[in-house]
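Colleague: This is the structure I want to talk about, given as structure tokens.
The values are calculated or read from the model by the stated rules, or taken from the named source; none is laboratory data. Computed from a predicted structure; not experimentally measured. Ideal geometry is used to build each Cβ from the backbone, glycine not excepted, and the neighbour counts take in all protein chains shown.
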Amino acid sequence: MTIRKPVFFPLFVVFVVLIFASAQAADKPRLTLDEFFNYVAFTDVKLSPDGESVVIVTDRADWDQNIFREDLWLYRDGGRGADNLTQFTHSGHDSKPQWSPDGRWIAFLSKRPAMASDASLDKDKGKENDKDRDKDKDKDSRIAQLFLISAAGGESFPVTQGDEKVHAFAWSADSSTLYFATRTPWTKRQKEAYEKDWKDVVEYRAAERGDQVFSVSLADAIARRTTAGSAPADNSGKASDATPWARALASTPWRIQQMAVAPDGRQVAFVTESVSQRSEKVEESEIYSLDLGVASSDQSPRQLTHNEAIEQDIHWSNDSRHVFFQVDSGSVEGKYRDTQTRLYWVDADRGEVQRWAADFAGQVAHYSVASDGSVLATARLGTEVQLYSQLRPAETFSEQPGLPGTYELVDAAANSRRVAFVHSSLGNPAEVYLADSAAKLQDARPLTEFNKLFTERDLPQGKPYRWKAEDGATIEGMLIYPPGKFEAKNLPTFVLIHGGPADADGNRFAADWYVWDSLAATQGWLVFEPNYRGSTGYGDKFLMRMVPEIVSRPGKDILQGMDALVKDGIADPAHLAVGGYSYGGYMTNWLITQTTRFKAAVTGAGAVEHIANWGNDDLTLDDGNDLGGRPWEVPQRYNSEAAIFQMDKVKTPTHMVAGADDIRVAVLENYLLDHALHSLNIPSTLLIFPGEGHSLDQNPWHGKIKVREELKWLRKYGGISGTTPVR
């Protein structure tokens, strides 16, 4: 770890700088609700093999079409920063870009209307309100297919077609072939036979089927770009709606989550998950490989891992001997248990697994393999997420000299020392940057300025805050102050609890329906974000301390943090509120049964009991782990840690939200809480967002309405005055 030497400035200089900064802030307007929800997020950053170009995926609200747009942007190096950035695709449904190893092509997944190209989408600009186009944008009518676009620009075109979505894909080492996986296609006869027997009945589990791996040559994809919509007649028993020019290589009973081809081109590795994407059995998630030199059209994949971990995010080592992977659920070393996210690699020949960054106390968040074979990873310690590097597993995991804040989505060039990443910090919105090497992060230049408006607003300031729990443990969190009131005392305080629980709040900036601390602070609240036991970035023992006290142990940490804030004169005990979403909702629901000090609560997608939630949740493995067993094994724990059995203690007016199609935390949990509060005559309200799952990522209006109404609820029952009404 790099030790930074302190820099000392004359007191007079510091005083002048503070006065100047305060004067600048006073001249800036406050952030509005509309501006807040026009924030642009980044979901992917991919550096070209030569390090000269970067593909960036943006995620932003399209208020007219009621969708979140995902578009590809291309930066070509010319030393002019954002002036060299151009929008590369225009469908609003494009993601997961991958450069071909020769740097000439970019493959990506798209949910655009069937067979639509970028050219046809450009022609349709200005027709966003056309009813037929609105139908095409319906989530259920779009199937993710594989598309190609030349790195030199031009029109994108589809590589695959059919009723089955492409789950994963990868380039061959020589850029001549694309490998992809879909659910095993059915023939027309198979579909008709199934519909005849079952009509609209769902055969849960029984009708599930695994994936098939295909290959398609780049030459064929280019040659067929003008006739991609034609498919052979169904007279051979083949799947007529599948990509007819693709060659089947292998089958698996599981769903393929990700694929990667070895640099020597001899093997393709893939990691699996359950067909339903419900994490119920550890054996459904493993890493496999296929020998690309085998002529068989249906070879048996070779299993590389055998453990009780949920593997993810695979990448080959540069020498083609190992497959890197990460684990944030389960255990590689023994019986299932959840720890902080770890990085491993497995020997592709011998199956031996070795851990990277084993001496690191925090969380290894995201990684990339550099041109020299070393690992570059963003990793969390406390409230900071910095960039680290490691050449070999036995060597030190070393922090690179960078700027305070949060590094994300790091990507290293295959044939260059350059590194691209996203960076943000409190008061500095996220943008994409390019550095000449990992050692030169501080000299990185910004490639985007999508969130420039936020730098022109009077944003809140914040800092870490620490307190002692009753068992002597030190707990940390963040304090986000209202603009112009940094380090003020006796402030109305809103406890905003992060989800996960294996997550943490820190020195970063984000703006959406889930992370809205800066907007709450702008409305006059001191926002307290506790990193309770169960949070990541503080060591595995800290994270696992919540087991099996899934809400009571974190709840004590949070309440003791509130006690400390009041004792220190920071929080106004007469004006306290609490809220959170997902696991933050779990905790909110629990805390209002443990104390009446909160004047208002806002909760979303949070369980109030654990038995039905265990059965409905798509991540039941971690539920069983966190509670110490399945419902019939530890029934007393499922009851003692459930808020529903202590509802008679609640006095706090509570606002609730839920996605109608949520399977992570079923909407029935919110109906149960609403019914309980209504029967007790506690002021409450419940908003249900149609078509939304757990992430509220279908319609941007839903998230905006969510936060708008939560702020109104806090204002109404929290009792603070002098803030700008939310509109």
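Colleague: Which residue, of ALA469, ALA488, ALA510, is modelled with pLDDT of 95 or more, in the same structural domain as GLY606 (by TED's automatic domain parsing) and more than 20 Å from ASP568 (Cα to Cα)? First the steps, then the outcome.
Modeller: Numbers: ALA469 fails: more than 20 Å from ASP568 (Cα to Cα); ALA488 fails: more than 20 Å from ASP568 (Cα to Cα).
Result of the check over ALA469, ALA488, ALA510: ALA510.
Colleague: Okay, next question. Please go through the stretch 309-340 and give me each residue that is of a type in the set (Gly, Ala, Ser) and without any contact (Cβ under 8 Å) to a residue 24 or more places away in the chain, ordered by number.
Modeller: Here is the first cut: in the stretch 309-340, the ones of a type in the set (Gly, Ala, Ser) are 309, 317, 320, 329-331, 334.
None - no residue of the stretch 309-340 is of a type in the set (Gly, Ala, Ser) and without any contact (Cβ under 8 Å) to a residue 24 or more places away in the chain, so the list stays empty.
Colleague: Something else: Please work out if ALA412 is closer than 24 Å to VAL54 by Cα and free of Cβ contacts under 8 Å to residues at least 60 places away in the same chain. Steps first, please.
Modeller: Working: closer than 24 Å to VAL54 by Cα: yes; free of Cβ contacts under 8 Å to residues at least 60 places away in the same chain: no.
It is false that ALA412 is closer than 24 Å to VAL54 by Cα and free of Cβ contacts under 8 Å to residues at least 60 places away in the same chain.
Colleague: On to the next question. Can you tell me how many residues within the stretch 379-409 are within 25 Å of PRO49 (Cα to Cα) and either in the same structural domain as TRP171 (by TED's automatic domain parsing) or assigned to a loop (DSSP other than H, G, I, E, B) (or both)?
Modeller: The qualifying residues number 7.
For every residue, the table says whether it meets (1) in a loop (DSSP other than H, G, I, E, B); (2) among the aromatic types (Phe, Trp, Tyr); (3) under 32 Å from the mean Cα position of the chain (by Cα); (4) assigned by TED's automatic domain parsing to the domain that holds ALA246.
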residue	(1), (2), (3), (4)
ALA170	no, no, yes, yes
ASP174	yes, no, yes, yes
LEU178	no, no, yes, yes
LYS191	no, no, no, yes
GLU195	no, no, no, yes
ASP200	yes, no, no, yes
ARG209	yes, no, yes, yes
ARG225	yes, no, no, yes
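Colleague: Quick check: is even one residue across the stretch 571-594 modelled with pLDDT of 95 or more, assigned by TED's automatic domain parsing to the domain that holds ASN670, touching a helix residue (DSSP H, G or I) at 6+ places or on another chain (Cβ under 9 Å) and in a loop (DSSP other than H, G, I, E, B)?
Modeller: no
Colleague: Hey, among LEU441, LEU376, which residue is in contact (Cβ under 8 Å) with a residue 24 or more places away in the chain, surrounded by 15 or more Cβ atoms within 10 Å (Cβ to Cβ) and assigned to a helix (DSSP H, G or I)? Before you say what the answer is, go through the steps one by one.
Modeller: Working: LEU376 fails: assigned to a helix (DSSP H, G or I).
Of LEU441, LEU376, the one residue that is in contact (Cβ under 8 Å) with a residue 24 or more places away in the chain, surrounded by 15 or more Cβ atoms within 10 Å (Cβ to Cβ) and assigned to a helix (DSSP H, G or I) is LEU441.
Colleague: Can you name the residue in the stretch 305-340 that is surrounded by 22 or more Cβ atoms within 10 Å (Cβ to Cβ) and aromatic (Phe, Trp, Tyr) and is also nearest to THR536 (Cα to Cα) among such residues?
Modeller: PHE325
Colleague: Here's a follow-up. For the stretch 505-553, enumerate the residues that are part of a helix (DSSP H, G or I), within 23 Å of the chain's Cα centre (by Cα) and more than 30 Å from PRO29 (Cα to Cα).
Modeller: Our first condition is that a residue be part of a helix (DSSP H, G or I); within the stretch 505-553, this holds for 517-522, 540-544, 552-553.
Restricting the remaining residues to those that are within 23 Å of the chain's Cα centre (by Cα) gives 517-520, 540, 542-544.
Within the stretch 505-553, ASP540, PHE542, LEU543, MET544 meet the criteria.
Colleague: Name the residues in the stretch 454-475 that are crowded, with 22+ Cβ neighbours inside 10 Å and outside any strand (DSSP E or B), would you?
Modeller: The first filter runs over the stretch 454-475 and keeps only residues crowded, with 22+ Cβ neighbours inside 10 Å, leaving 454, 459-460, 462, 475.
PHE454, LEU459, PRO460, listed by residue number.
Colleague: Any idea which of (1) at pLDDT 95 or above; (2) in a helix (DSSP H, G or I); (3) not basic (Lys, Arg) is the one GLU609 doesn't satisfy?
Modeller: (2)
Colleague: Taking the criterion of being in contact with a Lys or Arg (Cβ under 8 Å, 6 or more places away or on another chain) and closer than 30 Å to ASP359 by Cα, would at least one residue in the stretch 482-497 satisfy it?
Modeller: no
Colleague: When only residues in the stretch 205-218 that are within 21 Å of GLN267 (Cα to Cα) and among the aliphatic types (A, V, I, L, M) count, which is surrounded by the most Cβ atoms within 10 Å (Cβ to Cβ)? Walk me through it before giving the result.
Modeller: Step one: list which residues in the stretch 205-218 are within 21 Å of GLN267 (Cα to Cα), which gives 210-218.
Imposing the further condition that a residue be among the aliphatic types (A, V, I, L, M) reduces the set to 213, 216, 218.
Numbers: VAL213: 26, VAL216: 20, LEU218: 20.
Per the criteria, the residue is VAL213.
Colleague: To continue, here is another question. Could we say that ASN699 is modelled with pLDDT under 95, polar (S, T, N, Q) and within 28 Å of the chain's Cα centre (by Cα) here? First the steps, then the outcome.
Modeller: On the way: modelled with pLDDT under 95: no; polar (S, T, N, Q): yes; within 28 Å of the chain's Cα centre (by Cα): yes.
When the stated conditions are applied, ASN699 does not pass them.
Colleague: Let me ask you something else. Which count do you get for residues in the stretch 611-640 that are hydrophobic (A, V, I, L, M, F, W, C) and surrounded by 20 or more Cβ atoms within 10 Å (Cβ to Cβ)? Before the answer, list the steps.
Modeller: Quick first cut of the stretch 611-640, residues hydrophobic (A, V, I, L, M, F, W, C) only: 611-612, 614, 619, 621, 627, 632, 634.
Add one more test, that the residue is surrounded by 20 or more Cβ atoms within 10 Å (Cβ to Cβ), and what stays is 621, 627.
Selection size over the stretch 611-640: 2.
Colleague: Also, quick follow-up: Given the criteria crowded, with 18+ Cβ neighbours inside 10 Å and at pLDDT 95 or above, does SER53 qualify? Don't jump to the end; show me each part of the working.
Modeller: Details: crowded, with 18+ Cβ neighbours inside 10 Å: yes; at pLDDT 95 or above: yes.
Against the criterion (crowded, with 18+ Cβ neighbours inside 10 Å and at pLDDT 95 or above), SER53 qualifies.
Colleague: When you look at GLU633, is it touching a residue at least 12 places away in the same chain (Cβ under 8 Å), charged (D, E, K, R) and not in a strand (DSSP E or B), yes or no? Quick ask: steps written out before the conclusion?
Modeller: On the way: touching a residue at least 12 places away in the same chain (Cβ under 8 Å): no; charged (D, E, K, R): yes; not in a strand (DSSP E or B): yes.
When the stated conditions are applied, GLU633 does not pass them.
Colleague: If THR448 satisfies all but one of (1) over 21 Å from GLU384 (Cβ atoms); (2) assigned by TED's automatic domain parsing to the domain that holds PHE509; (3) outside any strand (DSSP E or B), what's the number of the condition it fails?
Modeller: Failed condition: (2).
Colleague: Right, another one. Show me the strands (runs of 3 or more DSSP E) entirely contained within the stretch 299-360 in which 2 or more residues are among the charged types (D, E, K, R) and within 27 Å of LEU249 (Cβ to Cβ).
Modeller: Details: elements: 308-316, 322-331, 342-347, 353-356.
In the stretch 299-360, the matching strands (runs of 3 or more DSSP E) lie at 308-316.
Colleague: Right, next: Being in contact with a helix residue (DSSP H, G or I) (Cβ under 6 Å, 6 or more places away or on another chain) and either closer than 18 Å to TYR581 by Cβ or assigned by TED's automatic domain parsing to the domain that holds ARG278 (or both) is the requirement here; does ALA666 meet it? Give the steps one after another, and end with the answer.
Modeller: Values: in contact with a helix residue (DSSP H, G or I) (Cβ under 6 Å, 6 or more places away or on another chain): yes; either closer than 18 Å to TYR581 by Cβ or assigned by TED's automatic domain parsing to the domain that holds ARG278 (or both): yes.
In short, yes.
Colleague: OK, next. For the structure I just gave you, tell me whether ASN451 is at pLDDT 95 or above, surrounded by fewer than 15 Cβ atoms within 10 Å (Cβ to Cβ) and of a type outside the set (Gly, Ala, Ser).
Modeller: On the way: at pLDDT 95 or above: yes; surrounded by fewer than 15 Cβ atoms within 10 Å (Cβ to Cβ): no; of a type outside the set (Gly, Ala, Ser): yes.
Judged against the criteria, ASN451 is not a match.
Colleague: The conditions are (1) aliphatic (A, V, I, L, M); (2) more than 27 Å from the chain's Cα centre (by Cα); (3) farther than 19 Å from SER518 by Cα, and ILE475 fails exactly one of them. Which is it?
Modeller: Result: ILE475 passes all but (2).
Colleague: Okay, moving on. For the stretch 363-373, how many residues meet the condition of being over 29 Å from MET546 (Cβ atoms) and either surrounded by fewer than 16 Cβ atoms within 10 Å (Cβ to Cβ) or in contact with a Lys or Arg (Cβ under 9 Å, 6 or more places away or on another chain) (or both)?
Modeller: Our first condition is that a residue be over 29 Å from MET546 (Cβ atoms); within the stretch 363-373, this holds for 368-373.
The next check asks that each one be either surrounded by fewer than 16 Cβ atoms within 10 Å (Cβ to Cβ) or in contact with a Lys or Arg (Cβ under 9 Å, 6 or more places away or on another chain) (or both); those that pass are 370-373.
Total satisfying the criteria: 4.
Colleague: A further question follows. Identify the residue in the stretch 145-162 that is among the aliphatic types (A, V, I, L, M) and crowded, with 20+ Cβ neighbours inside 10 Å and, among all such residues, is nearest to ARG76 (Cα to Cα).
Modeller: The residue in question is ILE149.
Colleague: Sticking with this one: Which one is nearest to ALA170 (Cα to Cα) among residues in the stretch 252-298 that are among the acidic types (Asp, Glu) and assigned to a strand (DSSP E or B)?
Modeller: Within the stretch 252-298, the subset among the acidic types (Asp, Glu) is 264, 273, 280, 283-284, 286, 291, 298.
Then keep just the ones that are assigned to a strand (DSSP E or B); that gives 273, 291.
Values: GLU273: 17, ASP291: 14 Å.
Top of the filtered list is ASP291.
Colleague: Within the stretch 172-204, which residues are surrounded by 12 or more Cβ atoms within 10 Å (Cβ to Cβ) and among the β-branched types (Val, Ile, Thr)?
Modeller: THR177, THR182, THR184, THR187
Colleague: With outside any loop (DSSP other than H, G, I, E, B) and modelled with pLDDT of 95 or more as the only criterion, which of ASP661, ASP674 stands out?
Modeller: Numbers: ASP661 fails: outside any loop (DSSP other than H, G, I, E, B).
Matching residue, one of ASP661, ASP674: ASP674.
Colleague: Being buried (at least 16 other Cβ atoms within 10 Å of the Cβ), in contact (Cβ under 8 Å) with a residue 40 or more places away in the chain and of a type outside the set (A, V, I, L, M) is the filter here, so list the residues in the stretch 341-362 that pass it.
Modeller: Correct list: THR341, TRP345, TRP356, GLY362.
Colleague: Please tell me if ASP648 is without any contact (Cβ under 8 Å) to a residue 40 or more places away in the chain, in a helix (DSSP H, G or I) and under 22 Å from the mean Cα position of the chain (by Cα).
Modeller: Details: without any contact (Cβ under 8 Å) to a residue 40 or more places away in the chain: yes; in a helix (DSSP H, G or I): yes; under 22 Å from the mean Cα position of the chain (by Cα): no.
No; evaluated as a whole, the condition is false for this residue.
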